[in-house]
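**Q** The structure under discussion is supplied below as C-alpha cells; questions concerning it will follow.
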Amino acid sequence: MRMVDLIDKKRDGEALTKEEIRWVIDGYTNGTIPDYQMAALSMAIYFKDMNKEERAELTLAMAESGDMIDLSAIKGVKVDKHSTGGVGDKTTIALAPLVASVGVPVAKMSGRGLGHTGGTIDKLEAIPGFSVEMDTDTFLKQVNEQRLALAGQTGNLTPADKKLYSLRDVTGTVNSTPLIASSIMSKKIASGADAIVLDVKCGSGAFMKTLDHAVELAEAMVEIGSSVGRETMAVISDMSQPLGRAVGNALEVKEAFAVLKGEGPADVRELCLVLGSHMVYLAKRAESVQAARQLLEEAIQNGDALEKLKAFIASQGGDPSVVENPAQMPQASEQIAVSAQKAGYIKEIAADKIGTAAMQLGAGRATKEDQIDLAVGLVLEKKTGDYVEEGETLATLFANEQGIEEARKLVEQAYHIVDEKVEQPTLIYKEIY
Ligand code: URA
C-alpha cells in the first residue's frame with residue numbers, strides 16, 4: 001500500500017477499506033507515515049467525510065494503537081461518562097459518587113489536560129490528602145469494594161489519537177466530525193467502558209457553538225458506539241453560560257459537594273440527575289430512565305450519595321471531614337467583587353471569557369508544565385435571566401494577587417446586560433440514543 005494512493009482516494013471522495021484504515025493508523029503510530037502525509041489525509045477527510053464503517057474502523061484502530069484497559073474483573077456493567085468540555089463543569093465530582101451510591105460501578109481514569117481550570121483529578125487534589133495515584137490492581141479492587149475509584153491515567157492510552165490530535169491542532173483539521181467523534185470514542189473504548197454516556201456541550205463556551213453541530217457530533221459518536229458494541233447515548237447540554245456558579249478548582253469541588261447535600265445550583269443538580277439517570281439505566285440498575293432518576297433523587301435525599309462521597313474520599317487517602325468543612329481546601333487570599341455598570345437583565349455570560357478570567361487568576365494550565373493554583377477562580381453571583389441593579393455584584397473573584405485586573409475586565413466583558421426581560425436558557429436540548 002502507498003499512502004499517496006490513499007490520500008488520492010479520499011480526496012476523490014471514495015471510502016477507505018478497513019485494511020487501509022488500519023494500515024494508516026499503524027504506520028502513523030510507528031512513524032513510517034510522516035506528518036505531512038497524515039495532514040493531507042486529515043484534510044481530505046475534513047472535506048470528504050467518512051462513512052459509518054470508516055468512522056467505526058478509525059475509532060477501533062486508534063483505540064487499539066496502545067494499551068486497552070481491561071475492566072472485566074469488575075462486576076456489573078461499567079458505564080463511563082464523557083463531557084466534551086465546558087466552563088464550570090464539575091459534574092463528574094458529584095455524579096460519580098451519586099451513581100455509585102445506587103450500585104453502579106464507576107471506574108474512572110481521568111487526565112489532567114490543559115484548560116481554564118484543571119481537569120477532574122486536579123480539582124479533586126484540592127481535597128487534603130486525596131490521591132489519584134494507584135496501580136491497576138488497587139484500582140480494580142477499589143471499584144469492586146467501593147463501587148468507585150478515580151485514578152490518574154497511566155500507561156500508553158491511544159497513542160495514535162495523541163499524535164493525530166496534535167497534528168490536527170496545527171493543520172486546521174480539528175473541526176471535523178468524523179475525526180472528533182473517533183478521537184473521543186477511541187479514548188472511551190480504550191478505557192474499558194461497556195457503555196458510554198456523552199455530555200455534548202453546546203454554546204459559546206463549548207467546542208460546538210451551534211445546536212446543529214452538537215447534534216451532528218453526538219449522533220456520530222452514538223453511531224460509532226453502537227457499531228463497535230458499546231451502548232452509547234448523548235445528552236446535548238447548554239454551555240451558553242458557565243455551568244453552576246463556581247469556576248476554579250477548590251471552588252468547583254465545594255459546589256459539587258453542595259449538590260450531594262441537596263443544595264447547590266439548580267443547573268448542576270439537574271445535569272447530574274439527567275446524566276446519572278442515563279448511566280444507571282444503561283448499567284441496567286433501573287427499568288427506565290425515570291425509575292433511575294427516582295433512585296438518584298432518593299440517594300441525595302436520604303444521604304446515601306453524600307455517604308458514598310465521604311467513603312470515596314477516605315478510600316483515596318483524603319480527609320472526609322472536608323465535605324462538611326470545605327474551608328479545609330486551599331483558600332484564596334482576596335475576594336474582589338466585580339459590579340454591574342448598569343442595571344438590567346443578564347442576557348448572556350460569555351462562558352469562554354469567564355474561563356479565560358479563571359485562567360488569568362491562575363486556575364488553569366496553558367502548558368503541561370504550568371502549576372495551577374487550586375484556590376483561585378470566581379463565583380458568578382448573577383446568571384442569565386437574573387436582574388441586576390447598577391453597582392450590584394455580578395461575580396466575585398477569588399484571587400492570590402495574580403491576574404486580578406485582567407480577570408475583572410474579562411468578567412465585565414462577559415456579562416451582556418439588556419433592558420428587556422430575558423428567559424433562562426434551556427439546559428438540556430436533546431437526548432440521543
Ligand atoms: N476532544 C478530543 O478528545 N478530540 C477531538 O478531536 C476534539 C476534542
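Any read-out appearing in this document is the output of simple, stated calculations on the displayed coordinates, not a laboratory observation. Note that this is a predicted model, so its numbers are computed, not measured. Every residue, glycine among them, receives a Cβ derived from its backbone with ideal geometry; neighbour counts consider all protein chains shown.
**Q** Please give the charge dipole size of the chain, origin at the Cα centre, charges +1 on K and R Cβ atoms and -1 on D and E Cβ atoms. Round to the nearest 20 debye.
**A** Using only the charged Cβ atoms, the result is roughly 540 debye.
**Q** Please work out whether region 141-219 counts as rounded, prolate or oblate from its C-alpha gyration tensor, where a ≥ b ≥ c are the square roots of the eigenvalues and a/c under 1.5 means rounded, while otherwise a/b larger than b/c means prolate and anything else oblate?
**A** Oblate.
**Q** HN-Hα J couplings of region 324-333 from phi, Karplus 6.51/-1.76/1.60, θ = phi - 60°, integer Hz, Gly and Pro as x?
**A** So the Karplus estimates, Gly and Pro as x, are 7, 10, x, 5, 5, 7, x, 10, 6, 7 Hz.
**Q** Right, next: Hey, can you rank 9-17, 419-427, 92-100, 389-397 by average C-beta count inside 10 Å, highest first?
**A** 92-100, 389-397, 9-17, 419-427
**Q** Charges on Cβ only, +1 for Lys and Arg, -1 for Asp and Glu, centred on the Cα centroid of region 305-433; of Ile428, Ser333, Tyr387, which one is farthest towards the dipole's positive end?
**A** Checked the options; the winner is Ile428.
**Q** Also: May I ask which residue of Gly66, Ala15, Gln37 lies farthest towards the positive end of the charge dipole of region 1-90, with charges of +1 (Lys, Arg) and -1 (Asp, Glu) on Cβ and the Cα centre as origin?
**A** Projecting each Cα onto the dipole axis, the largest value belongs to Gly66.
**Q** Follow-up. Nearest-5 percent of antiparallel DSSP beta bridges in the chain?
**A** Around 55 percent antiparallel, to the nearest 5.
**Q** What is the local net charge at Glu20, summed over the other residues whose Cβ is closer than 13 Å to its Cβ (Lys, Arg +1; Asp, Glu -1)?
**A** Result for the neighbourhood of Glu20: -3.
**Q** Can you work out the Karplus-derived ³J(HN,Hα) for every residue in region 235-242? Use 6.51 cos²θ - 1.76 cosθ + 1.60 with θ = phi - 60°, whole Hz, and x for glycine or proline.
**A** 10, 9, 10, 6, 9, 7, 8, x
**Q** Tilt of helix 404-414 relative to the longest C-alpha principal axis of the chain, in degrees (0 to 90, nearest 10)?
**A** Taking the Cα atoms of the chain, the angle to 404-414 is about 80 degrees.
**Q** In a shell of Cβ-Cβ distance under 10 Å around Leu211, excluding Leu211 itself, what net charge do Lys and Arg (+1) and Asp and Glu (-1) give?
**A** Net local charge, Leu211 excluded: -1.
**Q** Continuing with the same structure: Kindly provide the helix-only [θ] at 222 nm of the chain, computed as the sum of -39,500 (n - 2.57) over DSSP H runs of four or more divided by all residues, to the nearest 500 deg cm²/dmol?
**A** Rounded to the nearest 500, it is -14000 deg cm²/dmol.
**Q** Mind putting a number on the dipole of region 3-48 about its Cα centre? Charges go on the C-beta only, +1 for Lys and Arg and -1 for Asp and Glu, and I need it in Debye to the nearest 20.
**A** Charge dipole of region 3-48: 140 debye, to the nearest 20.
**Q** Apply the Kirkwood formula to the chain: the hydrodynamic radius equals the inverse of the mean of 1/r over all pairs of different alpha-carbon atoms; give it in Å with one decimal.
**A** Here the Kirkwood hydrodynamic radius works out to 22.4 Å.
**Q** Moving on. Between 0 and 90 degrees, rounded to the nearest ten: what's the tilt of helix 91-100 against the longest Cα principal axis of the chain?
**A** Between helix and principal axis, roughly 80 degrees.
**Q** Where does helix 351-361 land angle-wise versus the long Cα axis of the chain, in degrees 0 to 90, nearest 10?
**A** So the inclination is approximately 70 degrees.
**Q** Quick one: Ile127, Ile74, Ile336, fewest Cβ neighbours within 10 Å first, how do they rank?
**A** Fewest to most other Cβ atoms nearby, the residues stand as Ile336, Ile74, Ile127.
**Q** Could I ask something else about it? Can you tell me the dipole magnitude for region 1-154 around its Cα centre, using point charges on the Cβ only (Lys, Arg +1; Asp, Glu -1), in Debye to the nearest 20?
**A** Charge dipole, region 1-154, about its Cα centre: 540 debye, nearest 20.
**Q** List, in the order given, every pair from Lys201/Lys409; Lys81/Lys163; Lys162/Lys188 whose Cα-Cα distance in the structure shown is over 21 Å.
**A** In this structure, Lys201/Lys409; Lys81/Lys163 exceed 21 Å between Cα atoms.
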